[in-house]
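The structure appears below as structure tokens.
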Amino acid sequence: HANNLTQNNTPTEGEVASGAELDGYSGFSASVNFTAASNAEWDVITTGALYLTGWFKSAGNSGNEDLFGFGKSDDSITYFVRLNSSGVITGYERGATAADRTVASTQTYDDGVWHKLDFIRISSTKRYLYIDGIEVDSDGSDAGSLSSSGNLPFAIGVNYDGSAVPAATSTISLVRLSATAPTATQVRQ
């Protein structure tokens, strides 16, 4: 629905590869990132489907880096992806049951290569994490409803609070959020 992001200061913009038309964004910090206010298109998902996807690359991260997602200021409702200090990717979901539900890779991805990330919520009781079209983890525990009207800001390159856990060593491109979940075949394609 073409929701506008606020560009906070000026992230570095550059071609994803020499001569490419597609740009990636980097140089994220507590004050350099993209944010969007909570919106009815994602802050009342309830128990339905949700799809968070994007491309990233990173090399040499030494701390956690929140890539993209949304959440409530008290962390009681969250849906985001993080590059952990160990180089693994984790998808975090916390719904109204206030129980953290995570899916995580075992392989590390802080290798300086572009990777496609897909964090898919089929319902409040099923979620998947895909990296480069391959399912790396799934979870079937109930996270509850993802709903908090007006209270779930979205961010790219930083935690949804707009300042913490910046993606300082990451380059990010083509982030999308959808209330429809793709199939495994669609993710691979």
Cα gyration tensor shape of the range 1-102, rounded if a/c is under 1.5, else prolate or oblate by comparing a/b with b/c: prolate
Shape box of the range 68-116 [Cα atoms, principal axes, largest first, Å]: 35, 18, 18
Cα gyration tensor category, rounded, prolate or oblate, for the range 59-189 with a/c compared to 1.5: oblate
The chain, accessible surface, carbon-and-sulfur percent (1.4 angstrom probe): 47 percent
Rounded, prolate or oblate (a/c below 1.5 giving rounded, otherwise prolate when a/b exceeds b/c) for the range 131-189 by Cα gyration tensor: oblate
Probe 1.4 Å, protein heavy atoms only - accessible area per residue of the chain in square angstrom: 44 Å²
Formal net charge of residues neighbouring residue 53 (Cβ-Cβ distance under 11 Å; K, R +1; D, E -1): +1
Sequence of 55, 114 when ordered by accessible area, the most exposed leading, probe 1.4 angstrom: 55, 114
Student exercise, the chain dipole from Lys, Arg, Asp, Glu Cβ charges, in Debye to nearest 20: 320 debye
Highest average packing first - 59-67, 85-93, Cβ atoms within 10 Å: 85-93, 59-67
Accessible area of residue 5 in the full protein assembly, 1.4 Å probe (Å², nearest 10): 80 Å²
Cut-off under 5 Å, modelled amide H: who pairs with residue 33 long-range: 8
Cut-off 13 Å between beta-carbons: net charge of the residues surrounding residue 158, Lys and Arg +1, Asp and Glu -1: -2
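The values are calculated or read from the model by the stated rules, or taken from the named source; none is laboratory data. In this text the structure is predicted, and so the values were computed from the model without any measurement. FYI the Cβ positions are ideal-geometry reconstructions off the backbone, even for glycines, and counts take in every protein chain you see. Accessible surface is based on the protein model in full, side chains and every heavy atom, while ligands, DNA and RNA are left aside. Shrake-Rupley method; radii C 1.70, N 1.55, O 1.52, S 1.80 Å.
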